[in-house]
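*Asks:* Would you mind keeping the following structure in view while I ask a few things?
The values are calculated or read from the model by the stated rules, or taken from the named source; none is laboratory data. As the structure is a computational prediction, the values presented were derived from the model and not from experiment. We place every Cβ from the backbone using ideal geometry, glycine too, and count neighbours over all the protein chains shown.
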Amino acid sequence: MPIPASSSAARPGEVAGVLRLLVFLILAVALMVLDHRGGWLRSLRGHAEAVVQPLWWLAGQPARLGTTLRENAVSHAQLTQDNARLRQALLLTEARNARLRTAAAENARLRGLLDSAERARLDVQLAGVLDLDLDPTRQRLLLDAGSNAGVRLGQIVIDAGGLLGQVIALTPTTSTVLLLTDPDHAVPVMVARTGVRLMVFGSGRSDALRLVDVPLSADVRAGDVLLTSGLGGRFPQGFAVGTVGTLRADDSRAFLKADVRPAAQLDRGRDVLLLRGYKAAPSQTPAVLPVSPLSAPSPPVQGTAPRKETGKGPMR
């Protein structure tokens with residue numbers, strides 16, 4: 001039977017392939033033996049790795065860059081959350097500190113009020129301020145204590161600094177105080193240094209009183225402290241009213257006048273003291289002192305005699 005031509009042609013190629021494989025195997029074995037004994041291929045591999053190392057670094061750079069970006073994104077988000085949380089905690093701490101400072105200041109004011117009353121051995125009643133009216137024509141305080149708490153009409157109101165005013169209206173739970181700075185209010189005073197008796201009037205400003213009709217010969221100086229004189233029976237003697245400012249001649253040039261800085265904190269503080277240790281005479285009604293016609297074009301309190309140092313007279 002004849003042999004196919006394709007089979008006869010394939011055998012020489014197969015023999016050549018087998019021979020090449022044997023040659024490669026012999027060379028590989030020879031190289032391994034030589035490398036094992038002499039190590040001359042080790043240095044060649046080292047040089048080849050040094051040449052290929054930059055290529056490996058470049059090939060791995062995209063992966064490293066992606067990993068770095070992911071880590072940075074996670075770190076930035078975490079830092080943003082931590083920063084927001086810390087800012088919130090800081091704001092909360094500042095708010096708490098502000099409340100603590102406010103409470104400490106309020107406690108200091110209360111201690112000042114009670115200490116001043118204790119030093120003077122006064123029978124007082126603590127009352128809170130509900131409202132403050134500092135209109136130039138109307139200077140009032142509204143307190144959270146009324147007739148149910150024993151507050152009386154005409155009762156004197158003080159703070160740690162000095163005289164504030166007097167109670168002019170009552171409800172069962174609240175009381176209205178006429179401040180010294182009200183334009184219709186006046187107080188008989190004396191100079192603490194010399195005992196000279198004068199009159200101080202409200203100016204409609206919470207930071208100033210008016211001292212008018214001071215005789216040119218009177219021993220009154222800037223910086224003198226004015227105290228209640230006790231005349232008229234309305235205000236007890238010895239409570240601080242204010243400090244005299246710069247004296248100057250009035251329009252008539254016959255008397256001197258000056259602004260007086262109030263001793264009491266008329267426009268601040270949340271608590272005041274109602275004086276219970278002093279009671280006005282039964283015939284007295286809560287009123288303001290008359291304003292002298294020399295210091296005002298028209299008297300703000302009607303039906304009162306001018307230039308009389310008394311706390312009597314009807315309220316407006």
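*Asks:* Taking the criterion of being at pLDDT below 90, out of contact with any Leu (no Cβ under 7 Å at 6 or more places or on another chain) and among the charged types (D, E, K, R), would at least one residue in the range 190-204 satisfy it?
*Replies:* no
*Asks:* Based on this model, can you work out whether LEU58 counts as more than 30 Å from GLY269 (Cα to Cα) and part of a helix (DSSP H, G or I)? Show your work before the answer.
*Replies:* Numbers: more than 30 Å from GLY269 (Cα to Cα): yes; part of a helix (DSSP H, G or I): yes.
Spelling it out, LEU58 is indeed more than 30 Å from GLY269 (Cα to Cα) and part of a helix (DSSP H, G or I).
*Asks:* Also, I was wondering about something else. Output the number of residues of the range 213-253 satisfying the condition of being under 18 Å from ILE158 (Cβ atoms) and assigned to a strand (DSSP E or B).
*Replies:* Result for the range 213-253: 8.
Rundown of residues vs (1) within 25 Å of ASP133 (Cα to Cα); (2) over 31 Å from the mean Cα position of the chain (by Cα), yes/no style:
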site	(1), (2)
GLY165	yes, no
LEU170	yes, yes
THR176	yes, no
LEU179	yes, no
VAL200	yes, yes
GLY238	no, yes
ASP251	no, yes
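This table checks each residue for (1) surrounded by fewer than 24 Cβ atoms within 10 Å (Cβ to Cβ); (2) assigned to a strand (DSSP E or B).
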{"site": "LEU130", "(1), (2)": "yes, yes"}
{"site": "LEU142", "(1), (2)": "yes, yes"}
{"site": "VAL151", "(1), (2)": "yes, no"}
{"site": "VAL157", "(1), (2)": "no, yes"}
{"site": "PRO183", "(1), (2)": "yes, no"}
{"site": "LEU211", "(1), (2)": "no, yes"}
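*Asks:* Taking the conditions exactly as written (of a type in the set (Asp, Glu), closer than 30 Å to GLY128 by Cα and in contact with a Gly (Cβ under 7 Å, 6 or more places away or on another chain)), does ASP207 satisfy them or not? Steps first, answer last, please.
*Replies:* Working: of a type in the set (Asp, Glu): yes; closer than 30 Å to GLY128 by Cα: yes; in contact with a Gly (Cβ under 7 Å, 6 or more places away or on another chain): no.
Here the answer is no, as ASP207 does not meet what is asked.
*Asks:* I've got another one for you. Quick one: what pairs do we get from the range 207-224, first residue closer than 14 Å to ARG197 by Cβ and in contact (Cβ under 8 Å) with a residue 40 or more places away in the chain, second surrounded by fewer than 17 Cβ atoms within 10 Å (Cβ to Cβ) and acidic (Asp, Glu), C-beta under 8 Å, 6+ apart or different chains?
*Replies:* From the range 207-224, the pairs are VAL212/ASP250; ASP213/ASP250.
*Asks:* Based on what the data block shows, is ALA169 outside any strand (DSSP E or B) and small (Gly, Ala, Ser)? Can you show your working first?
*Replies:* Details: outside any strand (DSSP E or B): no; small (Gly, Ala, Ser): yes.
Answer is no for this residue.
*Asks:* If you check LEU44, LEU34, LEU19, which single one turns out to be modelled with pLDDT of 75 or more and either assigned to a helix (DSSP H, G or I) or surrounded by 10 or more Cβ atoms within 10 Å (Cβ to Cβ) (or both)? Quick ask: steps written out before the conclusion?
*Replies:* Details: LEU44 fails: modelled with pLDDT of 75 or more; LEU34 fails: modelled with pLDDT of 75 or more.
Selected residue: LEU19, the only one of LEU44, LEU34, LEU19 that is modelled with pLDDT of 75 or more and either assigned to a helix (DSSP H, G or I) or surrounded by 10 or more Cβ atoms within 10 Å (Cβ to Cβ) (or both).
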